[in-house]
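Report on the structure given below.
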Amino acid sequence: MTRYVGRFAPSPSGPLHFGSLVAALGSYFQAKANHGVWLVRIEDLDPPREMQGASEAILQALEAYHLHWDGEIVYQSQRHHLYQAQIDAWLKNGDAYYCQCTRKQIKEHGGYYPGTCRNKNLQEGAIRLKMTKPVSHFIDQRHGQMSIPEALINEDFIIKRRDGLFAYNLAVVLDDIDQGVTEVVRGADLIEPTGRQISLYQILEQPEVSYLHLPLAMDTNGNKLSKQNHAMAIDVNEPKPTLLRAMTFLGFHIPKELNATNIDEILRWGCENWQVKQLPVEIEITP
Ligand code: GLU
């Protein structure tokens, strides 16, 4: 039997906030409950959106919450050669191509890219992958069958941007394959790109992984807690109350006795009692 390999893959666009703690904890409990390993990968793929010191702050916060990862931390910024090698192979065999369409032109097509540059043989611009394995739905461990929005299914999506940055979908799949990840546990905001990611596994002829999307924490105005919305960093000095709150959000019914114990005991109890079916089915909830 293949060993369970899970991961937490934060982007260092800000410190760890309540929403990202929920993703970290959900992936941690699911990995530990399956007697697997839990990896941490820093997705520093987009420097303009990063905050200086955020990677260190995220790792320190994970340590403060005693969420100890297995193996070495992987940084996407150190893996450009891997992404480029795959793109070069696709360009060479004609599976990928350059595209010079502007955002405005795509908007004029109703926001959908119809493959305009497929046969133009351009030598620069953004790089798109020919969509030869469209995926219209997938099974989520908690939510069952999820449908991919129609417009996304057949699109030749961007794998390297015109400004030279590698696309998230490409990096995340190449890294998950390379690190032997068997299940992706992350926030429900990433349900939408999952179809494209599954297409990539199929194009690369790799065994697919399973997916579990966790409920998203919303603020009282109904916005997703995110670094872009300047969600507050979690308290690293006194982690217990926030840890218990995040676990409650993940559907645990915390017994009173647990309030009197320490972080390690709480996490151990969480690993022993975690069940996917405890997760609320709503995708977005206010903590
Ligand atoms: N880096 C992504 C984020 O922070 C998560 C990627 C993933 O879990 O697939 O939103």
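The values are calculated or read from the model by the stated rules, or taken from the named source; none is laboratory data. Note that the structure is a prediction, hence the values are computed from the model and not measured. Virtual Cβ from ideal backbone geometry, glycine too; neighbours counted across all protein chains shown.
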Cβ pairs under 9 Å, 6+ apart or interchain, first in the range 1-15 and closer than 30 Å to M232 by Cβ, second of a type in the set (F, W, Y) and more than 10 Å from the ligand (Cβ to nearest atom), ordered by first then second residue, are G6/Y28; G6/W38; R7/W38; R7/W69; F8/Y28; F8/W38; F8/W69
### Query
Regarding L214, is this residue at pLDDT 95 or above and away from the ligand (no atom under 12 Å from the Cβ)?
no
Exactly one of L39, L67, L45, L62 is part of a helix (DSSP H, G or I) and at pLDDT 95 or above, and that residue is L62
How many residues of the range 49-65 are exposed (fewer than 14 other Cβ atoms within 10 Å of the Cβ) and closer than 15 Å to K240 by Cα? The answer is 1
Of those in the range 6-48 that are over 24 Å from I263 (Cβ atoms) and more than 11 Å from the ligand (Cβ to nearest atom), the residue surrounded by the most Cβ atoms within 10 Å (Cβ to Cβ) is P47
If we keep only residues of the range 48-59 that are part of a helix (DSSP H, G or I) and at pLDDT 95 or above, then the residue nearest to S77 (Cα to Cα) is S55
Residue count, the range 211-239, condition touching a strand residue (DSSP E or B) at 6+ places or on another chain (Cβ under 7 Å) and exposed (fewer than 13 other Cβ atoms within 10 Å of the Cβ), comes to 1
Taking first residues from the range 241-257 that are free of Cβ contacts under 8 Å to residues at least 60 places away in the same chain and second residues anywhere that are of a type in the set (D, E, K, R), the pairs with Cβ under 6 Å that are 6 or more apart or on different chains are none
Going through the range 181-211 in order, the residues found to be farther than 19 Å from G251 by Cβ, assigned to a helix (DSSP H, G or I) and within 11 Å of the ligand (Cβ to nearest atom) are L190, T194, Q197
